[in-house]
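The values are calculated or read from the model by the stated rules, or taken from the named source; none is laboratory data. Quantities reported herein were computed from a predicted structural model and do not represent experimental measurements. Note that we place each Cβ from the backbone using ideal geometry, even for glycine, and neighbour counts take in every protein chain shown.
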Amino acid sequence: MILHRWERGCKLNRTEKEQVIQELKEEFNRAKSIVFTDYRGLTVAELSDLRSLLREGNVEYKIIKNTLAKIASEGTSVSAAKDAFRGPVGIAISYDDPVLTVKKILEYSKKNDKLKVGIGLIEGSVCAAQDLKAVADLPPRNVLLAIMAGGFKSPLNKLGLLLNATLSSFVNALEALKNKKSSQ
C-alpha cells in the first residue's frame, strides 16, 4: 500500500521506506519472473495501457526507487541483477507463469518501441534481452507438458509393440512346429 503512495509522488519517511523495502523483499522472494524495463518516453496513458495488458496475465508493473530496490534485493535472487537498477527502471513481476511475463512485455515493446526491455530473472536465473526473446518463443506451459508426456509415452508404446511382436513370433514358431509334427 505504501509503495503505491510513493509511486504517486508522495514523500516517504524512514519508517515508510522500511515498509516499502520489506514489501519489495517479499515480492522479490515470491516472484517467478521479473523483467527490467526502461520506460523513458512513455506517456502516462501508455504506461496505463502497459499495466492493463500485464494485468490480463496476472503480472504487476512497478516503477520503484532504485536505492530502495537495491536494498530490498539483498538476500533474494534479485541481488544477482541489482546492477539493472540504474536510471529509470520499471519492473514487471509475475508470481505464476514466468514465460507469460516475458511474452506480454515483448508484445507491448513491439507495439511501442519506447519501452526498452533490459535483463530479466526467470526462476532465479539472470537472462539477457536476447534470452528473453528465446523464452517468449516457447509454447505455453500446458503444451510443453503435453510434449513431455508424449515423450514419456512413446518409449513405452515401442516397448509394448516389441514385446507383442516377439510374443507373436514365438507363437507363430510354435504353431509352425505343431503343424510340422502333425503332418509327419
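Only one of the numbered conditions (1) modelled with pLDDT of 85 or more; (2) of a type outside the set (S, T, N, Q); (3) closer than 28 Å to Glu74 by Cβ is violated by Lys114, and that is (3). In segment 40-60, how many are within 23 Å of Ile122 (Cβ to Cβ), in contact with a Phe, Trp or Tyr (Cβ under 9 Å, 6 or more places away or on another chain) and touching a residue at least 12 places away in the same chain (Cβ under 8 Å)? Matching residues across segment 40-60 total 6.
Residues in segment 129-144 that are assigned to a helix (DSSP H, G or I) and surrounded by 11 or more Cβ atoms within 10 Å (Cβ to Cβ): Ala129, Asp131, Leu132, Lys133, Ala134, Val135, Ala136, Arg141, Leu144.
Going residue by residue through segment 54-73, is there one that turns out to be surrounded by 20 or more Cβ atoms within 10 Å (Cβ to Cβ), at pLDDT 90 or above and either more than 23 Å from Glu26 (Cα to Cα) or outside the structural domain of Leu12 (by TED's automatic domain parsing) (or both)? Among the residues of segment 54-73, not one is surrounded by 20 or more Cβ atoms within 10 Å (Cβ to Cβ), at pLDDT 90 or above and either more than 23 Å from Glu26 (Cα to Cα) or outside the structural domain of Leu12 (by TED's automatic domain parsing) (or both), which makes the answer no. At least 1 residues being under 25 Å from Gln130 (Cβ atoms), acidic (Asp, Glu) and under 18 Å from the mean Cα position of the chain (by Cα) is the threshold, and among the helices (runs of 4 or more DSSP H) wholly inside segment 2-118 those reaching it are 98-111. Here Val126 fulfils each of the conditions (1) over 11 Å from the mean Cα position of the chain (by Cα); (2) at pLDDT below 85; (3) surrounded by 13 or more Cβ atoms within 10 Å (Cβ to Cβ) apart from (2). Taking first residues from segment 105-126 that are of a type outside the set (S, T, N, Q) and partners that are part of a helix (DSSP H, G or I) and exposed (fewer than 13 other Cβ atoms within 10 Å of the Cβ), the Cβ contacts under 9 Å between residues at least 6 apart in sequence or on separate chains come to Ile119/Asp83. Residue under question is Asp137, and the condition is that it be modelled with pLDDT under 85 and not hydrophobic (A, V, I, L, M, F, W, C); does it hold? So Asp137 fits the description; yes.
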